[in-house]
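All remarks here apply to the structure that follows.
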Amino acid sequence: MKILVAVKRVVDFNVKVRVRADGTGVETANVKMSMNPFDEIAVEEAVRLKEAGTASEIVAASCGAQACQETLRTALALGADRAVLVETDAELQPLAVAKLLRAIAQKESPQLVILGKQAIDDDCNQTGQMLAALLGWSQATFASKLKIQGDKAEVTREVDGGLETISVKLPAVLTTDLRLNEPRYVTLPNIMKAKKKTLEVLKPDALGVDVAPRLKTLKVEEPPKRKAGVKVPDAKTLVQKLRGEAKVIP
């Protein structure tokens, strides 16, 4: 079974994000970038399936600027066999990414596509669902457990009421949640091996995909700063403040 894993280059989750002065977006110049944490989980799950003998090949894919090659090399160091980069400097929105991944999936013919449920930079949570719709494949989102049984995948999903277990027919698109696994650390020997693995670079035009943005960001602003807390002398005063000053969240 071949697995296609999609990864995205985002601002590292340890970095404090700063909004640009003109409000057009967040500052990315001279900022540490890394693989989207949910996509790390996707890569780890694919590698575990290969180690278990379920998968035979893992292809990592990413869309974006040339710097995304670094993210793909990380995926290769984690255990992916090959990588594909659709290189473009255009602003990529979820639908455009889904169309690019569809083109790659049609080219590679995987039985399973795994990607993070969302990226931590835009939190759109749309690409996986759009990709499944474009391919006409089964989909299982927010997976916290995965088990492959023949031509079906048994997926445990995290929902508001608890856990839901479903069975989907392969080929399928799977998006990962935090509790699916704990990604391994990249070792130096694997980093060296990753440099020798194949990384194919394509252009959107070669895949016949129009990546022109359909949405326009009007303004980006930081959330309001939290006000300092107030100490009260006793419970009676606390109740009075809760009644008179506390705001009810609708």
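The values are calculated or read from the model by the stated rules, or taken from the named source; none is laboratory data. Being a predicted model, the structure only gives us computed values, none of them experimental. We place every Cβ from the backbone using ideal geometry, glycine too, and count neighbours over all the protein chains shown. Note: accessible area is taken over every heavy atom of the protein model, side chains too, but ligands, DNA and RNA are not part of it. Shrake-Rupley method; radii C 1.70, N 1.55, O 1.52, S 1.80 Å.
Points worth noting:
- Filter pass, A132 being of a type in the set (G, A, S), part of a strand (DSSP E or B) and open to solvent by less than 70 Å² (accessible area, probe 1.4 Å): no
- Scanning the range 6-19 finds no residues that are among the acidic types (D, E), open to solvent by less than 40 Å² (accessible area, probe 1.4 Å) and over 22 Å from Q66 (Cα atoms).
- Pairs linking a residue in the range 48-63 that is over 16 Å from E108 (Cα atoms) to a residue that is not in a helix (DSSP H, G or I), with Cβ atoms under 7 Å and 6 or more positions apart or on different chains, are R48/N181; L49/I3; L49/A55; L49/I148; K50/I58; K50/G79; T54/M1; T54/I148.
- Just one of the listed residues (T141, T175, T71) is open to solvent by less than 20 Å² (accessible area, probe 1.4 Å), under 30 Å from T24 (Cβ atoms) and in a strand (DSSP E or B), namely T175.
- Among the residues of the range 79-96, those identified as surrounded by fewer than 20 Cβ atoms within 10 Å (Cβ to Cβ) and either of a type in the set (V, I, T) or in a strand (DSSP E or B) (or both) are R82, E87.
- Boolean, K99 is open to solvent by 30 Å² or more (accessible area, probe 1.4 Å), outside any strand (DSSP E or B) and without any contact (Cβ under 8 Å) to a residue 12 or more places away in the chain: no
- Just one of the listed residues (L188, L215, L174) is of a type outside the set (D, E), modelled with pLDDT of 90 or more and within 21 Å of the chain's Cα centre (by Cα), and it is L174.
- One residue from Q93, Q139 being among the polar types (S, T, N, Q) and touching a helix residue (DSSP H, G or I) at 6+ places or on another chain (Cβ under 7 Å): Q139
- Inspection of the range 193-208 finds no residue satisfying the criterion of being surrounded by 11 or more Cβ atoms within 10 Å (Cβ to Cβ) and within 28 Å of F142 (Cα to Cα).
- Test for L76: is it over 28 Å from E158 (Cα atoms) and buried (at least 18 other Cβ atoms within 10 Å of the Cβ): yes
- Residue in the range 148-171 that is under 24 Å from D123 (Cβ atoms), touching a helix residue (DSSP H, G or I) at 6+ places or on another chain (Cβ under 9 Å) and open to solvent by 90 Å² or more (accessible area, probe 1.4 Å) present: no
- Whichever residue in the range 115-129 is over 14 Å from P37 (Cβ atoms) and outside any loop (DSSP other than H, G, I, E, B) and, among such residues, is farthest from the chain's Cα centre (by Cα): Q129
- Taking the criterion of being in contact (Cβ under 8 Å) with a residue 40 or more places away in the chain and not in a loop (DSSP other than H, G, I, E, B), the residues of the range 199-250 that qualify are L199, E200, V201, L202, P204, L207.
- Every residue from the range 20-50 that is of a type outside the set (D, E, K, R) and open to solvent by 60 Å² or more (accessible area, probe 1.4 Å): A21, T24, T28, N30
- Candidate set from the range 21-68 (those that are in a loop (DSSP other than H, G, I, E, B) and charged (D, E, K, R)); member that is nearest to the chain's Cα centre (by Cα): K32
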